[in-house]
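The values are calculated or read from the model by the stated rules, or taken from the named source; none is laboratory data. Just so it is clear, the structure is predicted and the values come from calculations on it, not from any experiment. Using ideal geometry, Cβ is built from the backbone for each residue, glycine included, and neighbour counts are taken over all protein chains shown. Each accessible area value is taken on the protein alone, full model and side chains, heavy atoms only, with ligands, DNA and RNA left out. Shrake-Rupley method; radii C 1.70, N 1.55, O 1.52, S 1.80 Å.
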Amino acid sequence: MKKLIVLLLSIILVISMAGCSSKETGGKTKDGKDIITVWTYPHYPAHPEIGQKSYEDHLKELIADIEKENKDIKVKYEILSWEEGAKKFDVALNSGNPPDVFFSTMQPKYINTGLAIPLDKYLDKDDLEDLEPFAKENFTLDGKIWAVSQWIALHSWGGNRALLEEAGVDIAKIQKDGWTWEEFYDIAKKFTGKKTKDGKDLYGFLTQGKSPETFGHLMRNYGILRSLSPEGKFQWGGKEAVETLEFLKKLMDEKIMPKETAGIDEQKMIDMFNDGQAAIFGRTGPYQITQNDNRNKEIDEGKIKGEKIDMVLLPFPHHEGSKEVATGGGGGMWLFKQKNYKGDKHTDNAAKVLKYLTGTKSSITAATQFIPPARKSGQKMYSDMLQFDTDNGKFIQRTLGYVVRAPQLDPVMAQKDGQIDADGVEPKFQGFLAGELTPKETVEQWTKIAESILK
């Protein structure tokens, strides 16, 4: 009994000492530095053969600079997996202990927790003028900026320059002025019935059929920015949706697009384009230019076999009478506090780290991926890497001037929007591509499902 009492007292003493130690450190290193936690993702790997560092290498360099300039700060980072990262963060956030800085897209549900900190007080006039308008708009809700973008992920279509020029297409004019659905159709039709050098079918247009993304891009260029309005109105139930599906059906019926589009995923689309089977494909974006250039280098070096492709970026065609709209997105760094608040000084230090990780020098992370940085100063610093003096680079700069975001949905509407996609739009769109539903039947069926969910 006496030994048991002594053992219990020892355990209590150890726990007490551990508690005191934790309280004394309070998020500090042994030498008193304020620990700032950063969670992010592995945005790109290293490619030593072309001298490209990994995202983590660039992150380490930025952190070293931060710690050199701020002797009282220690940054601890974690690279999350794309598969489990969001879940891990949600668990941390729901428990009241998120990291200080986190990379994510716009998520209104984070704001509703009360732990996300708006960044307006930390962004001065120079910051606001330096950020592209879309970068600010993308993370603005209720008049406050909730994250700072690192880049703007532009979506576009792409093309095979040689095939298009051989068909007499004025690529420069399309990149400069855009094109209508009918103008696109007239060009894509030129390739119907043609074959590649090795006898494979050549298509005027190629897209993936696993999701209705291309349909959505066409709808945006028909004046409807998203399927569900913030007020809860399903907007893909009218004549615009029927006409857009009819346009896609026309492309398939006339063999401008493969009849097997429903079975084509994104990777197969890229593979077919690389194999010379498409004059135009999408969606893609500036990031694909770097991948295409790397492929061309590997062909030159004899590492892979194939024909080199000079890839050009092309805008989404717009419906006659509608405004051309560029689609974009992009993640940014969020600032969070914890349920057990660590104090204003800690929050200010975390904000310093966030600003450095989204500052001008951090634009190397965007330029490496051939994506335009959110900061104009970053675009200038890395203009050579971004090839802004080329036709594709000029197209990217033009597109930045009219990229818009879809209207934001609150968490409840966002959940319903996801359910409408999963239960209605995606499966019925697959049925449409497979020829099981007409355009009108497709719209009727997903409208019925949407209305039942919105009730």
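I'd like the full set of residues that are among the hydrophobic types (A, V, I, L, M, F, W, C) and crowded, with 23+ Cβ neighbours inside 10 Å, limited to segment 147-156. The answer is 147, 148, 151, 152, 154. Being modelled with pLDDT under 95, surrounded by fewer than 17 Cβ atoms within 10 Å (Cβ to Cβ) and not in a helix (DSSP H, G or I) is a property that residue 23 lacks.
Yes/no per residue for (1) within 19 Å of the chain's Cα centre (by Cα); (2) open to solvent by less than 50 Å² (accessible area, probe 1.4 Å); (3) modelled with pLDDT under 95; (4) more than 26 Å from residue 317 (Cβ to Cβ):
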residue	(1), (2), (3), (4)
144	no, no, no, yes
160	no, yes, no, no
168	no, no, no, no
172	no, no, no, no
180	no, yes, no, no
183	no, no, no, no
198	no, no, yes, yes
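So how many residues does segment 261-285 have that are polar (S, T, N, Q) and in contact with a helix residue (DSSP H, G or I) (Cβ under 6 Å, 6 or more places away or on another chain)?
1
Give me the residue from segment 344-370 that is touching a Gly at 6+ places or on another chain (Cβ under 9 Å) and without any contact (Cβ under 8 Å) to a residue 24 or more places away in the chain and, out of that set, surrounded by the most Cβ atoms within 10 Å (Cβ to Cβ). Out of the qualifying residues, it is 367. Of the set (1) surrounded by 20 or more Cβ atoms within 10 Å (Cβ to Cβ); (2) at pLDDT 95 or above; (3) assigned to a helix (DSSP H, G or I), all apply to residue 267 but (1). Quick check on my filter: what residues within segment 270-287 are part of a helix (DSSP H, G or I) and either modelled with pLDDT under 95 or of a type in the set (Lys, Arg) (or both)? The answer is 287, and nothing else. Taking (1) in contact with a Ser or Thr (Cβ under 8 Å, 6 or more places away or on another chain); (2) open to solvent by less than 40 Å² (accessible area, probe 1.4 Å); (3) under 30 Å from residue 160 (Cα atoms); (4) touching a residue at least 24 places away in the same chain (Cβ under 8 Å) in turn, residue 283 satisfies each apart from (2).
Out of all the residues in segment 436-447, is one or more at pLDDT below 95, open to solvent by 40 Å² or more (accessible area, probe 1.4 Å) and over 18 Å from the mean Cα position of the chain (by Cα)? Within segment 436-447 (the criterion being at pLDDT below 95, open to solvent by 40 Å² or more (accessible area, probe 1.4 Å) and over 18 Å from the mean Cα position of the chain (by Cα)), the answer is no, since none of the residues qualifies. Here is a check on your reading of the model: is residue 193 within 18 Å of residue 278 (Cβ to Cβ) and modelled with pLDDT under 95? Taking the combined requirement at face value, the residue satisfies it. Whether any residue in segment 409-423 is open to solvent by less than 30 Å² (accessible area, probe 1.4 Å), in contact (Cβ under 8 Å) with a residue 12 or more places away in the chain and assigned to a loop (DSSP other than H, G, I, E, B) is what I want to check. Yes, because at least one residue in segment 409-423 is open to solvent by less than 30 Å² (accessible area, probe 1.4 Å), in contact (Cβ under 8 Å) with a residue 12 or more places away in the chain and assigned to a loop (DSSP other than H, G, I, E, B). Screening the candidates 313, 218, 228, 251 for the property of being open to solvent by less than 60 Å² (accessible area, probe 1.4 Å), in contact with a Pro (Cβ under 7 Å, 6 or more places away or on another chain) and in contact (Cβ under 8 Å) with a residue 60 or more places away in the chain yields one hit, 313. Scanning segment 79-121 for residues that are open to solvent by 60 Å² or more (accessible area, probe 1.4 Å) and of a type in the set (Asp, Glu) gives 83, 84, 120. Restricting segment 387-408 to residues that are outside any loop (DSSP other than H, G, I, E, B) and free of Cβ contacts under 8 Å to residues at least 40 places away in the same chain leaves a set whose member that is surrounded by the fewest Cβ atoms within 10 Å (Cβ to Cβ) is 397. Looking across 60, 76, one residue alone is at pLDDT 95 or above, of a type in the set (Lys, Arg), open to solvent by 40 Å² or more (accessible area, probe 1.4 Å) and within 24 Å of the chain's Cα centre (by Cα). It is 60.
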